[in-house]
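Remarks on the structure that follows.
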Amino acid sequence: MYGLVNQALQGLISEQYGDEKWNIVKKKAGIEIDYFVSNEPYEDSITFDLVATASEVLNVPSSQILHSFGGYWILRTAREKYGDLMKAGGSNFLEFMMNLPNFHSRIMLIYPKLSPPEFMMDKKSESELIVHYYSSRDGLSDFVIGLFEGIAEMFETQIIIKLLSTEKTDNWHDTFSINILNH
Ligand code: HEM
């Protein structure tokens, strides 16, 4: 994944637990890179190793780290570094979600080697959405839930998310239901 992702993970861990802990995590994960460069692609294993090692060092389940990372990605990384792109995504939760399937095609103009997630939206009503998430990567469901919660928080919207099913064939496929409690 692009360095931007590892930079964000560094931001999350340093802000919540301190720089010292981040340095311990990085060292223990055996990563000999001083600084991640945002527009350089790195092996996915680096990101996954950082999450697994952070879980050990901080004594927090990986699922919880991924969940927090989703929120951080939206509310800090995306909003602070790509505010215009985020604004263009929609002016309320539902609109933003309905535009999500096309979102990373714009990002690919900035990061051409991106291997983006895919989303498919099935709008049941103004307050209920079935979301399909497909990925070439395994095990990011908690990250995705954190992302959706971050988007909801961005629009001050209350939602209830349920993971309905997960299947793994060639790709990872999660199905979520999202109920929107206020608009
Ligand atoms: C301007 C904002 C955003 C930028 C710059 C961005 C960029 C990226 C980058 C660089 C990656 C790593 C993939 C790679 O390097 O191959 C990624 C992955 C991902 N992004 Fe975004 N993204 C943005 C917004 C969003 C939003 C709003 C969502 C909402 C759900 C999202 C969902 C994901 C997911 C789930 C992944 C993990 C990849 C996977 O599932 O295989 N991103 N994004």
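No lab work stands behind these numbers, since they all come straight from the coordinates. Keep in mind that what you see is a predicted model, and the values were worked out from it rather than measured. Neighbour counts are summed over all protein chains in view; Cβ atoms, including those assigned to glycine, are modelled from backbone coordinates with ideal geometry.
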Next item on the list: Can you tell me the 0 to 90 degree angle between the C-alpha axis of helix 62-72 and the longest principal axis of the chain, rounded to 10?
Entry: 70
Notebook entry, point to check: Hey, with R₀ at 25 Å, roughly what FRET efficiency would ASP34 and SER62 work out to, going by the Cβ-Cβ distance, to 0.05?
Noted result: 0.50
Notebook entry, point to check: Assuming R0 = 41 Å, what is the FRET efficiency of SER125 and ALA52, from their Cβ-Cβ distance, to the nearest 0.05?
Noted result: 0.55
Check: Using unit Cβ charges (K, R positive; D, E negative) and no other charged atoms, how large, in debye to the nearest 20, is the dipole of the chain about its Cα centre?
Finding: 160
Checklist line | Modelled label reach - ASN179, point 7 Å along Cα→Cβ, segment 99-129 residues with backbone N closer than 15 Å | finding: 124-129
Item checked: Dimensionless Rg over Rh [the chain; C-alpha; Kirkwood] -> 0.96
Check: Around LEU75, what is the net charge, scoring Lys/Arg as +1 and Asp/Glu as -1 over all other residues with Cβ under 15 Å from its Cβ?
Finding: -1
